[in-house]
Amino acid sequence: MKVTVYSSPNCMPCRATKRALTKANVPFTDIDVSEDATAAEHLKTLGFKSTPVVEVELPDGMDRWSDHRENKIKALASIAERPA
């Protein structure tokens, strides 16, 4: 499982999402879209207009969502706890 958080500076939901992922022991890569034009364009192409956007590569496909979603983070935590 690969988790990427697309965030921006001074974004409270971004901070909450990253804090919750860290607390849940879910490893993630943080990409600041204000510094990465390619990442910003990627989100725009997908139809996202605000941060955070969380992108999760799973064995059976891709999951993406925007905003701070505690229920999604809890689900990721349970997946991360499973033995490989």
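The values are calculated or read from the model by the stated rules, or taken from the named source; none is laboratory data. Remember, it's a predicted structure, so these values are computed and weren't measured experimentally. Quick reminder, even Gly has a Cβ in these numbers, built from the backbone with ideal geometry, and neighbours come from all protein chains shown.
List of remarks:
- Taking first residues from region 27-47 that are modelled with pLDDT of 95 or more and partners that are outside any helix (DSSP H, G or I) and among the aliphatic types (A, V, I, L, M), the Cβ contacts under 6 Å between residues at least 6 apart in sequence or on separate chains come to F28/V3; F28/V5; D30/V5; A39/I31; A39/V33; A40/V33; L43/V53.
- Filtered residues of region 12-47 (kept if more than 12 Å from I73 (Cα to Cα) and either surrounded by 19 or more Cβ atoms within 10 Å (Cβ to Cβ) or of a type in the set (D, E) (or both)): C14, D30, I31, D32, V33, E35, D36, E41, L43
- Tally, over region 48-66, of residues that are more than 13 Å from the chain's Cα centre (by Cα) and under 18 Å from T38 (Cα atoms): 1
- Some residue of region 67-77 being assigned to a helix (DSSP H, G or I), buried (at least 17 other Cβ atoms within 10 Å of the Cβ), within 14 Å of the chain's Cα centre (by Cα) and modelled with pLDDT under 95: yes
- Against the numbered list (1) in a helix (DSSP H, G or I); (2) free of Cβ contacts under 8 Å to residues at least 40 places away in the same chain, D63 comes up short only at (1).
- Residues that are in a strand (DSSP E or B), among the β-branched types (V, I, T) and touching a helix residue (DSSP H, G or I) at 6+ places or on another chain (Cβ under 7 Å), drawn from region 16-60: I31, V53, V54, V56
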